[in-house]
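S.K.: The following block contains the structure, expressed as structure tokens.
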Amino acid sequence: TTQETMDQLQQLMLGMSGGGMGGAGPLASYPAFNPQFPHKLTSSDCITYKAPHSLSSSTNVTRSLSTIKPQAQHSSENCTICWDPLSKETSAKINACCHKFHQRCIDECLNREPKCPICRLPIGEPQGPCPSGSMTIALSHFACPGYNNTKAIQIEYDLPIGTQSLYHDTPGQKYMPTYRIAFLPDTDEGCRLLTRLKYAWTCGLLFTVGTSLTTGMTNAIVWTSVHHKTSLWGGPYSFPDPNYVANCNGSLDALYVPDAEICLQRLRKTASTSDDGGDDDDDDIAEEIIYDAPTSLSSSLAAAGAFTPVQGNSSGECAICLDPLSETSVQIHKCSHMFHRKCIDNCLDRELLCPVCRSSVGEPQGKSLSGSMKIKKLKQQGCSGFECTDTIQIEYHIPPGTQLSYHENPGIPYEGTVRIAYLPLNNEGTRLLNRLKFAWKHGLVFKIGTSLATGASNAVVWAGIHHKTKLRGGAYGFPDNRYFAKCHESLDEVGVPNSDACE
């Protein structure tokens, strides 16, 4: 009877709640069968997930912390991470367990794992390390084996190419795109499981960046511990499998994903908030600068205003070919040396220096490849060694292309690259950023060469201007008391003017 079926399903749910994976988290409590819950897939759906810049800045985490200003603290408590007094600077309290820390200290811990470092209580709703992407749900034309000709629900995960965030293994490194398909039975239990998977997707819990068990490739998008069936027929990752729904619910329990009813409520609340319109400050892109590499150095904007035509009937000779000057001859403003235009253009395609006195011609011009420079603000992500709480993130993106006439091997292709660098968001960092923007606009940041890291030739490499590619630790991270001096010196060497002149 219908009542017997409902009782059996309730018992099945209660049995599933005894599962879990290795005791990694509390098990979700499965309520009694709810006739109002959607038990069949009624429409297609597409859910876009935008990964946070850092785990500590995700909405799931920030709304579970309370900020305490220094002047509001009257106790003698110490931060249990750095052991300095809490009253020295802005602190944060975890609402669920009431443990207190300096804001910068807890942010650094939460970027690794969103749990209280003392009691290990998860902070806020679950939050995982999944890259940005989309999840599309639709009803398949095929039946799901083992479910009496019941149609299968098809889930498509599409994660495009991108750059690893602070909470991944190698921040700033590129990861390759992936496209995955998974299946569920279009049954009561399948739709309940789908609701939990949709919620897990919005919390970034289904994928991460790591090493592929299939190909051995590093910096790849891989599954987390949540079970998926990626084929309808044959093999361990397909149907029929009478234990699949219970196993998948157990893996979601271990990640603190709530039961289906609560997931449905939260998904509806999120959708309502999105429809009403809210603060959309995920990107915080302050500026994007596109650099279009010139076809030749002599035709660059940097060299365009460096000459004047030779006046009158000059009796001199070209300092390159030693033939008499002609009506098309030019004179370099800075040093007054004169050349045939064709002769000086050939020289300047190698380097923008006068071939006689070696003085620079026009503004600085480097040999960088075309690309973009994106400048963002990372909130509550201070650079180690600086008091400021925010950081400037610079993302350089250079797509693949072909080397130009002034590169080492003209006509030979090169691989693209993505590089991320950081500066403290203070007066000193902002002034240095002005000079770095000037350097980027003049092609001075990158060049073609041999990679010191991989030994690969025809690679996009740094041109010599110092950058910090990590927020903390190591030779390329903060703190570094000499960094600003070293970076300014490297900019001086390539002719970048001071900060005020760059604005």
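The values are calculated or read from the model by the stated rules, or taken from the named source; none is laboratory data. The model shown is predicted, which means the values in this text are computed figures rather than measured ones. Cβ atoms come from the backbone with ideal geometry, glycine included; neighbour counts cover every protein chain shown. The accessibility values were calculated without ligands, DNA or RNA, using every heavy atom of the protein model including side chains. Shrake-Rupley method; radii C 1.70, N 1.55, O 1.52, S 1.80 Å.
S.K.: Take the alpha carbon atoms of the stretch 477-503, find their center, do the same for the stretch 173-192, and report the distance between the two centers in whole angstrom.
M.R.: Their Cα centres are 48 Å away from one another.
S.K.: Follow-up. Quote the relative contact order of the chain in percent (integer), defining contacts as alpha-carbon pairs under 8 Å separated by 6+ residues.
M.R.: It comes to 11 percent, rounded to a whole number.
S.K.: Pull up the DSSP beta bridges for the chain and report the antiparallel fraction as a percent, rounded to 5.
M.R.: Among the beta bridges of the chain, antiparallel pairing accounts for roughly 95 percent.
S.K.: Further question on the same structure: Using the Karplus equation 6.51 cos²θ - 1.76 cosθ + 1.60 (θ = phi - 60°), what ³J(HN,Hα) coupling, rounded to whole Hz, does each residue of the stretch 370-375 give in order, writing x for Gly and Pro?
M.R.: Whole-Hz 3J(HN,Hα) from phi for the stretch 370-375: 4, x, 10, 10, 9, 10.
S.K.: Quick check: the distance between the Cα centres of the stretch 425-451 and the stretch 200-275, to the nearest angstrom?
M.R.: Centre-to-centre (Cα) distance: 41 Å.
S.K.: Pick the calculated semi-axes √(5λ) of the Cα gyration tensor in Å for this structure from (i) 77, 30, 26; (ii) 57, 30, 17; (iii) 44, 32, 21?
M.R.: Computed from these coordinates, semi-axes √(5λ) of the Cα gyration tensor in Å corresponds to label (ii).
S.K.: Taking amide H atoms as placed 1.01 Å from N in the peptide plane, list the residues 5 or more away in sequence, or in a different chain, whose amide H sits under 5 Å from that of T389.
M.R.: The answer is none.
S.K.: Still on this structure, please answer the following. List the residues, sorted by chain then number, that are 5 or more residues from H466 or on another chain and whose placed amide H is less than 5 Å from its amide H.
M.R.: Amide H neighbours of H466, under 5 Å, 5+ apart: S490.
S.K.: Would you check the accessible area of I181, probe 1.4 Å, heavy atoms only, in square angstrom rounded to 10?
M.R.: 50 Å²
S.K.: Grab the other residues whose beta carbon is less than 15 angstrom from that of K151, score K and R as +1, D and E as -1, and report the net.
M.R.: Here the charged neighbours net out to -1.
S.K.: Further question: As a quick test, which of the pairs K441/K468; K115/K374; K376/K447; K69/K377 have an alpha carbon distance above 29 angstrom in this structure?
M.R.: Pairs exceeding 29 Å: K115/K374.
S.K.: Scan the stretch 304-364 for trypsin sites (Lys or Arg not before Pro) in coil per DSSP, keeping those whose Cβ has at most 11 other Cβ atoms within 10 Å, and list them by number.
M.R.: Here the trypsin sites (Lys or Arg not before Pro) that fit, given the DSSP loop and packing criteria, are R358.
S.K.: While we're on this one: Based on alpha-carbon centroids, what's the gap between the stretch 400-417 and the stretch 65-130 in Å, whole number please?
M.R.: 49 Å
S.K.: Once the other residues with Cβ under 14 Å from the Cβ of K468 are scored (Lys, Arg +1; Asp, Glu -1), what is the net sum?
M.R.: That sum, taken over residues with Cβ under 14 Å, equals +2.
S.K.: Given the protein chains as shown and a 1.4 Å probe, how many square angstrom of T270 are accessible, to the nearest 10?
M.R.: 80 Å²
S.K.: Ok, one more. Can you give me the % of accessible surface on the chain that is carbon or sulfur? Probe 1.4 Å, all protein chains present, nothing else counted.
M.R.: The computed percentage sits at 51.
S.K.: Per residue of the chain, what 222 nm ellipticity follows from adding -39500 (n - 2.57) for every DSSP H run with n ≥ 4, rounded to the nearest 500?
M.R.: -6500 deg cm²/dmol
S.K.: Going Cα to Cα from K342, which lysines come in below 25 Å? Please leave out same-chain ones fewer than 8 positions away.
M.R.: Straight-line reach from K342, under 25 Å: K334, K367.
S.K.: Along the stretch 249-259, what does the Karplus equation 6.51 cos²θ - 1.76 cosθ + 1.60 (θ = phi - 60°) give for ³J(HN,Hα), rounded to whole Hz, x for Gly and Pro?
M.R.: 4, x, 5, 6, 4, 5, 9, 6, 6, x, 5
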